[in-house]
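For reference, the structure is listed below as structure tokens.
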């Protein structure tokens, strides 16, 4: 009997395999590097353009003429080769790929470390570098060492104001930033049935912060219903008896709001321990917490109130933005005094649209708080959407409301 990763890759842990890639994608940053590497290989052909995606999300709209020129070259290349292309404003690559472009049993490779997000759909999803991606463009396949698996056993149900983000930061804190290096995190247990697809994507998104190769949920009735609405008829993935390298159990009813203290994602403290911390900016969005459920929850907590610190919100995709506009969510966010950015990564990587200055503190729903990530000399504290909302209203780090 095998783990889900072993079943998808059709080999046992520790084996090296060459496998056809079902979907491969790059963004505006890694796409430029991949194109250079592919041209150096001099193959002249894209093996299967139907499996390849180029999605602009990292520095969009472009922040200067150099960026604009590089994006223009990549845009023209994608068009000339018949590659799937999503331009400025479409949204974050992982989110867009998760809107009907990722299915159970698939092998999905992205030139970005948070490709693991798509494991929420029962796929083996992992990130690679530009050279490996160029080889996939040329051959349609890649090599993988089948990872050992750590089981993340979930019991019970999250109790408000705790969210999936708090659970994600908690398991990262438990395992540590290198505690699952080149391993798979497999989310199992009856607690999974209480988690939406949005929450599952949040949980899979952060597995790379433990050093993991990938993270994944079994496709269940929730997955089937979700993908059915997107036009896909898929079947449930039934778990088998298998051997895990280790198992970590989390009772979701005991999860509490937490923050990750810079400069490490695994330095976790309860929000109440840090309450009153001065903040200069609140950022809600990214491939971790920019989905509709996140914006809905944020708007609900802000409704009828005003933020006391600059607060920036970036929907994860155009579809998310459209839904949030049509349901009044964006209106409530704007009325509260927040600034809305176009769909994309926004200030997460510190390129533009929300970078912080030296000595400034940002409370962010993103996934990384490394030194200088959002701006030289600034500090980033990672938190849930509920914590971000309460803190924006108070103007300081504040425990979220139940």
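A short reminder: the numbers here are calculations on the coordinates, not readings from a lab. Keep in mind that what you see is a predicted model, and the values were worked out from it rather than measured. Here the Cβ is made from the backbone with ideal geometry for all residues, glycine too, and neighbour counts use every protein chain on show.
Rounded to the nearest 5, the antiparallel percentage of DSSP beta bridges internal to the chain is 20%. Note on residue 245 and residue 300: the model spin-label points, each 7 Å out from Cα along the C-beta direction, lie 3.8 nm apart.
Let me make sure I get this right: for the stretch 302-402, a, b and c are the square roots of the gyration tensor eigenvalues over alpha carbons, sorted descending. Under 1.5 in a/c it's rounded, otherwise prolate if a/b > b/c, else oblate. Which is it? Verdict is oblate for the stretch 302-402. Computed over the chain, relative contact order equals 18 percent, with contacts defined as Cα pairs under 8 Å that lie 6+ residues apart. Distance between the pseudo-spin-label points of residue 236 and residue 401 (7 Å out from Cα toward the beta carbon): 3.8 nm. When you count the other C-beta atoms within 10 angstrom of each residue and take the mean per peptide, 195-202, 246-253, 383-390, 314-321 line up highest first as 383-390, 314-321, 195-202, 246-253. In this simple spin-label model, placing a label point 7 Å from the Cα along the Cα-to-Cβ direction at both residue 17 and residue 178 gives a separation of 2.9 nm. Highest mean packing comes first when the peptides 45-51, 368-374 are listed by Cβ atoms within 10 Å, giving 368-374, 45-51. Where is the GNM fluctuation largest for the chain (alpha-carbon springs, 10 angstrom cutoff): 203, 230, 167? So, out of 203, 230, 167, the one fluctuating most is 230.
As a calculated quantity, the FRET efficiency between residue 43 and residue 269 at R0 = 51 Å, using C-beta atoms, amounts to about 0.50. Computed from the C-beta positions of residue 196 and residue 160 and an R0 of 22 Å, the FRET efficiency is 0.95 to the nearest 0.05.
Which residues in the stretch 72-112 have a backbone N closer than 17 Å to a point placed 7 Å from the Cα of residue 66 along the Cα-to-Cβ line? Of the residues in the stretch 72-112, 72-74 have backbone N under 17 Å from the label point off residue 66. Full extension of the chain segment joining residue 145 with residue 113 gains 9.9 nm, where the gain is 0.36 nm per residue of separation less the Cα-Cα distance. The protection proxy used here, the mean number of other Cβ atoms lying within 10 Å of each residue, ranks peptides 22-34, 279-291 as follows, highest first: 279-291, 22-34. If a spin label sat at a point 7 angstrom from the Cα of residue 50 along the line to its beta carbon, the backbone N atoms of the stretch 65-100 nearer than 15 Å would be those of 82-84.
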